[in-house]
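The values are calculated or read from the model by the stated rules, or taken from the named source; none is laboratory data. Predicted model only: the values in this text are computed from it and were never measured. Neighbour counts run over all protein chains shown; Cβ positions are idealised from the backbone, glycine included.
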Amino acid sequence: MLSLKHSFKMAISSISSSKMRSALTTLGIIIGVAAVIANVSLGASFNQYFTDEIGSVGNNFIIIESKTANLFHDNELHLIDNTPGIEGVSPINQRVAKVKYGSTVRQINIQGVSEDYVHVGNIHMETGTFISDKDTYMAVLGHDIAHEKFGRSIGNKNTIDITFTRADGQVISHQFKVKGIVASPENTLVQSGIESDIRIFIPIATMNEILGEDYYRGFFAAATSLDSIDEVTDELDRRLARSLGVPSREIDNEDAKPYFLLDQGEILKEVDSLSAALSSLLMSVALISLIVGSIGIMNIMLVTVTERTGEIGIMKSLGYKNYEVLSLFIVESMVVGLLGGILGILLGIGGAYLVERAMGLPYVFPMDMILLGVLVSLIIGLLAGLYPANKAAKMNPVDALRHE
């Protein structure tokens, strides 16, 4: 009886006798498996990258922004702060103003916040400390503002002049003392309107006093966990709608509400959806390579069967059963697929690593992809070898021996 070990040895011998042909045969599988491995790894890396980017904006954040002026006041601030699942909240007001340091003047986004923003906004300080609610004319500078915007670095205890234009056209200038510099975030892709690098933070009470306003443009809140953020956002939406007189039947109608909500969970879902669509597109291209590779194996196995027709006749005349001849050629086809799969896995891992490093992405490689790559290559080898092996098994031994 033909053992699996003997079949494997014969398969290796057959492959070794035609190295160039075997290499060309496995090329399609190598490219296909490598493409699958690399695409899955790149998809996971992009997903991790965007997740890190979004996480750098804040901790389980919820953004509440008014569509009209004079909508949010202290009542809404307390309502949000007392909503179950809310860990912290900062009111927000922002305005583009002229900032002067030395003789240089720049237009910069000034953001008024409370001391809670250091937590909810995931702020890390390079030097100094963040503003507190007891501060008045103090400022915290984004990393780019402090080190690049004015051609020279601005340090703690330096002073800057900020000139605001009020809604009535009145121009008011005040001198602010620099209390701290925000550290440059590791992630720089997210342009959410709240990026800390390119703005100056001042106490919101001071900002509202200068502008002559007693309301907030919005709020930046943090939920206790990402798992509960959807429920917390829904509850917050219901409370705000009720407080601001939005009918309960219109709570799901975004156009009927004078504000809008956006939370980290919703953004992550969009990122996952985009990542899945991109991965599916890339995977379809990779699968075409696998199909081409499987056709290549089938063609070569058919050639092999034709070349070894005399050998098949001898084997069958010596008593080899049909299933033994069948298994011999199936094993050879699967070995070809397996060799291509292993090389494809190595190529895919290496290619993904190089691309992710070149693009500055985190290297993420799902280890189960190795097992998947092996299984895919074996299955392709099996399917591609079935028809040629079946053709060999059904040969008439007399006709096979007469074949030249």
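State all residues of region 315-361 that are farther than 20 Å from residue 28 by Cβ, of a type in the set (Phe, Trp, Tyr) and outside any loop (DSSP other than H, G, I, E, B); if no residue qualifies, say none.
323, 353
List, please: which pairs have Cβ atoms under 8 Å, are six or more places apart or on different chains, and start with a residue in region 124-137 that is assigned by TED's automatic domain parsing to the domain that holds residue 180 and end with one that is polar (S, T, N, Q) and surrounded by 14 or more Cβ atoms within 10 Å (Cβ to Cβ)?
126/184; 127/156; 128/156; 133/114; 135/206; 136/206; 137/206
Within region 52-128, which strands (runs of 3 or more DSSP E) (wholly inside it) include 1 or more residues that are basic (Lys, Arg)?
Fully inside region 52-128 and qualifying: 86-101, 104-113.
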